[in-house]
Amino acid sequence: PNLLDVREYERLAERLRHIATSPVHPIPEETLARMKDDYLAKHRKSYDFWERAKGSIPGGVEHNLSLEKPFPLTMDRAKGYKMWDIDGNEYVDYLMCGAPIILGHHYDPLDDLIIDLIREKGPCTGCTSEYEVLAAEEIRKLMPAVEMVRFLQSGTEACMAALRVARVFTRKAKVIKIGGSYHGWSDQLVYSLHIPGTGPLEAAGIPLECFANTIDVPPNDFDAARKAFEGAKDQGGVAAVIVEPVGGESGTHPVHPEWNRHLRQLCDEFGSLLIFDEVVTGFRVHLGGAQALLGVKPDLTVFGKIVAHGYPSAGALGGRKDVMAACSGTGSFDKAYLGGTLAANPISTAACYHALRLIQETGAVEKAAAAAGKLTAALNEVFATRPELPFTAYNYGPIVHYETTGFLHVRLDDPDALMQHMLRRKVAQEYQMVAISQGLFTLAGTRMYTCMQHDQAAIDRTVRAWEYLLDLIPKG
């Protein structure tokens, strides 16, 4: 859908709501039992490794993007748009390491440069390297609202830094978070995750006092946003609003075309900062991020793993020069203290500089977006063969969403909301298990990220996997 078209937004919102209120269509238990046996047979080494991992690692898995059920897979390698697990199974990969991979996995022109760097100069000294400046300058060149950059080690750290810098700059306390959005796992932001209005549901281990200055606002609720600003005036004021600019969970909760502009106006009116979390959208939906597509300039921009194209220890905070001046370099009593020995290490910043250069030279964003458009159309054609199933797909550039059960779109005032969410999530996981057994790897059974190397063969294989899956769901 066009991010700037109100009618398209309304049609999509209505479609997603229809899915969440329609009956689910599970795979019959007898068929599902056979699928689970098949899954175990195909992934026996992964199962055994998971059993071994549980002796040393809580739950046997550390990656929140891994399939949870029936068990996580152990990957061996990746190249282009493909991944292979330790059992030798090949996958069309749409996880793309959680979005940063847009040139393709194990992209030789990038990897060769990083290997040369390690061989010739070593991985890290704990001091400044020339690549810090080169990478920061490249980000500044591409991002409309970024005048200065501070590198960190993850998107979570960058979000933490953004809130701290905003409070130092504005001398205000409150932060508005939009329900259903994900901004990492720091204490203040593990609130109303995934589903709007759920509050501290997933905040085990976090004292409720940590949310004293976090204000939860429902997505696209214009009146609630204004009331939040007004209500905070006598309670320390609003330092910042932090948003995913295409909507929560990378567009799972689509954004109203006027929403970001409305928040920009409120921030200007109340002397607050607007923070765009572009961990997924930066350099993916557009080289200038979602801010370039939307024509809205945030005061601060958060980046995560995408700034190093999947190389580890990567995150950054960028923004207006005067705002970023509130961030300390080496320590100051009146500036926001930020740290990180491995932040801005030569590997991550060299990967950032060279990846951004290669993305521009290859037209990777445009190619990935073209593949996503073809994939979305192909999926909707397959779904149309089963009109009784309320399935749909849509994309924001190289971010493809496919909705089958609507488990993230259940509303808290729906009858049996929690049970509905659990049932719908269970069915979506079962669909994902079947898709994986057919060589299709996605994120959480709802999202797919394309890279510039996804081709027609990848799309054809995706379609065949979905045709197989749909044949398992009874008709009528």
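Observations
- Candidate cross-link partners of Lys367 among the aspartates and glutamates, defined by an alpha-carbon separation under 19 Å and a same-chain spacing of 8 or more, comprise Asp93, Asp108, Asp455, Asp460.
- Across the range 244-387 the C-alpha pair distances fall into 5 Å bins from zero in the proportions 2, 8, 14, 17, 18, 15, 12, 7, 3, 2, 1, 1, 0 percent.
- In order along the range 257-266, the phi-based Karplus estimate (6.51 cos²θ - 1.76 cosθ + 1.60, θ = phi - 60°) of 3J(HN,Hα) comes to x, 9, 4, 4, 5, 4, 5, 4, 5, 5 Hz; Gly and Pro are listed as x.
- These residues, His106, His25, His43, go from largest to smallest accessible area, 1.4 Å probe, as His106, His25, His43.
- Pairs of Cα atoms in the range 129-168 fall into 10 Å distance bins, from 0 up to the last occupied one, in shares of 26, 50, 23, 0 percent.
- Fraction of antiparallel bridges per DSSP, the range 257-372 only, in percent to nearest 5: 45 percent
- Loop-located trypsin sites (Lys or Arg not before Pro) in the range 1-98, at most 16 other Cβ atoms within 10 Å (DSSP): Lys54
- Carbon-plus-sulfur accessible fraction, the chain (probe radius 1.4 Å, protein heavy atoms only): 53%.
- Amide H contacts of Ala240 (H built 1.01 Å from N, under 5 Å, at least 5 apart or other chain): Ile176, Leu273
- Å² of accessible area per residue within the chain, as computed with a 1.4 Å probe and no ligands counted: 43 Å²
- In the chain, the DSSP beta bridges split such that about 60 percent are antiparallel, to the nearest 5.
- 16 Å reach of a label modelled at Asn64, 7 Å along Cα-to-Cβ, counting backbone N of the range 432-457: 443-445
- Distances between placed amide hydrogens fall under 5 Å for Val149 paired with no residue 5 or more residues away or on another chain.
- Scanning the chain for chymotrypsin sites (Phe, Trp or Tyr not before Pro) that sit in a DSSP loop and have at most 14 other Cβ atoms within 10 Å, the longest stretch containing none of them is 1-332.
- Cα-based reach from Lys36 at 21 Å (exclusive), listing lysines while leaving out same-chain residues under 8 positions away: Lys45, Lys54, Lys69, Lys426
- Taken one residue at a time, the phi angles of the range 384-392 give Karplus couplings (6.51, -1.76, 1.60, θ = phi - 60°) of 5, 6, 10, x, 6, 8, x, 6, 8 Hz. Gly and Pro are set to x.
- Dipole axis of the chain (+1 Lys, Arg; -1 Asp, Glu on Cβ), positive-most option in Pro109, Ala225, Ala351: Ala225
- Placing unit charges on the Cβ atoms of the charged side chains and taking the dipole of the range 83-196 about its Cα centre, the candidate lying farthest along the positive direction among Pro123, Ile139, Cys159 is Cys159.
- Computed 3J(HN,Hα) for the range 198-204, one whole-Hz value per residue from the Karplus formula 6.51 cos²θ - 1.76 cosθ + 1.60 where θ = phi - 60°, is 7, x, x, 3, 10, 9, 4, glycine and proline marked x.
- Note that the range 1-130 carries a Kirkwood radius of 19.3 Å, evaluated over its alpha carbons pair by pair.
- Cut-off 11 Å, label 7 Å out along Cα→Cβ of Arg261, residues of the range 1-25 by amide N: 4-6
- Local electrostatic count at Phe441 - Lys and Arg +1, Asp and Glu -1, tallied over other residues with Cβ under 11 Å: -2
- Gap separating the Cα centres of the range 294-323 and the range 31-48, nearest whole Å: 41 Å
- Those aspartates and glutamates that a straight Cα-Cα span of less than 16 Å connects to Lys297, excepting residues fewer than 8 apart in one chain: Glu147, Glu244, Glu258, Asp268, Glu269, Asp277, Glu278, Asp322
- Net charge contributed by nearby residues that have their C-beta within less than 9 Å of Lys69 (K/R +1, D/E -1): -1
- In plain terms, the chain from Glu14 to Arg77 could stretch by 18.7 nm, reckoned as 0.36 nm per residue minus the Cα-Cα distance.
- Relative contact order of the range 324-431: 14 percent, from C-alpha pairs under 8 Å at least 6 residues apart in sequence.
- Scanning residues 5 or more positions from Thr392 or on other chains, those with amide H under 5 Å from its amide H are Glu403, with H placed 1.01 Å from N in the peptide plane.
- Rounded to the nearest 500, the helix-only mean residue ellipticity at 222 nm of the chain stands at -13000 deg cm²/dmol, with each DSSP H run of n ≥ 4 adding -39,500 (n - 2.57).
- Segment Val463-Asp414, extension gain: residue separation times 0.36 nm, minus the distance between their alpha carbons: 14.3 nm
The values are calculated or read from the model by the stated rules, or taken from the named source; none is laboratory data. A quick note: this is a predicted structure, and the numbers were derived from the prediction, not measured. No Cβ is skipped: glycine too gets one built from the backbone with ideal geometry, and neighbour counts run over all protein chains shown. For accessibility, only protein heavy atoms count, side chains too; no ligands or nucleic acids. Shrake-Rupley method; radii C 1.70, N 1.55, O 1.52, S 1.80 Å.
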